[in-house]
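Data first, discussion second: the structure below is written as structure tokens.
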Amino acid sequence: MKKTTFIWILLLFTHLSYAQELPKKISETDFSIGKSVHIESVLLDETRALNIYLPPSYSIDSSKTYPVIYLLDGSKDEDFIHISGIVQFGSFSWINMLPESIVVGIGNVDRKRDFTYPSQNKLDQTEFPTSGKSEKFITFLEKELQPYIDAKFRTTPVKTIIGQSLGGLLATEILFKNPELFDNYIIVSPSLWWDDEKLLDLQPASYDSNKSIYIAGGKEGAIMERTTKELYDKLKETKSQNTKLFYDFLENKTHGDALHNAVYNAFESLFKTDKK
């Protein structure tokens, strides 16, 4: 056997012997980014799951208060984890994109029921037989959820809502009918086709001029793209002088993957301050 061949074989066996020596487990703990809470809703007559992200400083500085971001479609297997990640990243001191915030992910029971107002369109009624209960859900947000969060956690008065697809339809309905419920609206790919686009026929209710509204969508078909832009144009015509309004067309995104990029862009647009 040649000397070089022998050396390679020796090195191979040496490598295999090391590879078989697995590291010993020293300890193991669960890793968590938040807490899950279940509340009994009298208005909805059901239990609702909340997933809550608290900033790292929450347990350190007991005098500090935090704005709250309410996330529709906020179940753990929906958008809670990745949106909370953007909030954590954006609030790092070296990023300084938005203030440290509490995220309240609202888990779904029946989003087609909760996120839609009654439609007169027969196809809507057939395909969404449980739909049309958004008024009750909005009342739940106002009368039960927001008071619970404000009582349970150290919050500031500043509230943001994030809604995508049917959640974007609901966020738009709240902006038009109950704008005082939130200070900042992040509306992504709203399903404004609902009820033959009749929500766009409404005149938005008057509201405090110091609101921030971000609207975004991607390549989602002619109706979705048109109605999203029409929402922006309508709000642009009616907004007050101090209202911040942004529109973002994500050309390389579709209905399924627009939310993450849109929320990141929204945080930069709505909250960005000078970086340290």
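Computed from the coordinates by the stated procedures, all read-outs in this text should not be read as laboratory data. Note that the structure is a prediction, hence the values are computed from the model and not measured. In this analysis, Cβ positions are derived from the backbone assuming ideal geometry, glycine residues included, and neighbour counts consider all displayed protein chains.
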Exercise. What does the highest-first list of 250-257, 94-101, 215-222 look like by mean Cβ count within 10 Å?
Worked result: 215-222, 94-101, 250-257
For this session: Please identify, among THR29, THR65, THR156, the residue showing maximal mean-square fluctuation in a Gaussian network model of the chain using a 10 angstrom Cα cutoff.
Result: THR29
Exercise. Counting Lys and Arg as +1 and Asp and Glu as -1, what is the net charge of the other residues whose Cβ lies under 10 Å from the Cβ of TYR214?
Worked result: -1
For this session: Evaluate the relative contact order of the stretch 40-271 (contact order divided by residue number), counting alpha-carbon pairs under 8 angstrom at least 6 apart; express in whole percent.
Result: 18 percent
Exercise. How many percent of DSSP beta bridges within the chain run antiparallel, rounded to 5?
Worked result: 30 percent
Problem set entry | Potential extension, ASP257-LEU202 segment - 0.36 nm per residue separation minus Cα distance | 16.9 nm
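Can you pull a Stokes-Einstein diffusion coefficient for the stretch 174-276 at 25 °C (0.890 mPa s), Rh from Kirkwood over Cα pairs, as a whole number of µm²/s? Walk me through the numbers on the way to the answer.
Numbers: Rh = 14.2 Å.
Stokes-Einstein gives a translational diffusion coefficient of 173 µm²/s.
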Exercise. Rounded, prolate or oblate: which fits the chain when a ≥ b ≥ c are the square roots of the eigenvalues of the alpha-carbon gyration tensor, with rounded for a/c under 1.5 and prolate only if a/b beats b/c?
Worked result: prolate
Exercise. Taking Cα pairs under 8 Å and at least six residues apart, what relative contact order does the stretch 84-203 come out at, in percent?
Worked result: 20 percent
Seminar exercise, completed: If unit charges are put on Cβ atoms (+1 for Lys and Arg, -1 for Asp and Glu) and the dipole of the chain is taken about its Cα centre, the option from THR139, THR172, LEU259 lying farthest towards the positive end turns out to be LEU259
Exercise. Who wins for biggest fluctuation among VAL103, VAL87, VAL42 in a Gaussian network model of the chain, springs between alpha carbons below 10 Å?
Worked result: VAL42
Exercise. When we measure straight from the Cα of LYS244, which lysines land under 26 angstrom away, once same-chain ones fewer than 8 places off are left out?
Worked result: LYS159, LYS177, LYS198, LYS211, LYS219, LYS229, LYS234, LYS236, LYS253, LYS272, LYS275, LYS276
Exercise. Given the C-alpha centroids of the stretch 96-173 and the stretch 234-276, what is the distance between them in whole angstrom?
Worked result: 19 Å
Exercise. With r defined as the distance between the Cβ atoms of THR130 and ASP45 and R0 fixed at 22 Å, what FRET efficiency is calculated, to the nearest 0.05?
Worked result: 0.95
Seminar exercise, completed: Asserting the computed 222 nm helical MRE of the chain (DSSP H runs at least 4 long, -39500 (n - 2.57) per run, divided by residue count, to nearest 500) equals -10500 deg cm²/dmol
Problem set entry | LYS152-LYS35 pseudo-label distance in nm [points 7 Å out on the Cα-to-Cβ vector] | 0.8 nm
Problem set entry | Which of ILE81, ALA222, LEU181, positive extreme of dipole for the chain (C-beta unit charges) | ILE81
Problem set entry | Candidates ASP201, ASP77, ASP30, ranked by Gaussian network fluctuation over the chain, Cα under 10 Å, top entry | ASP30
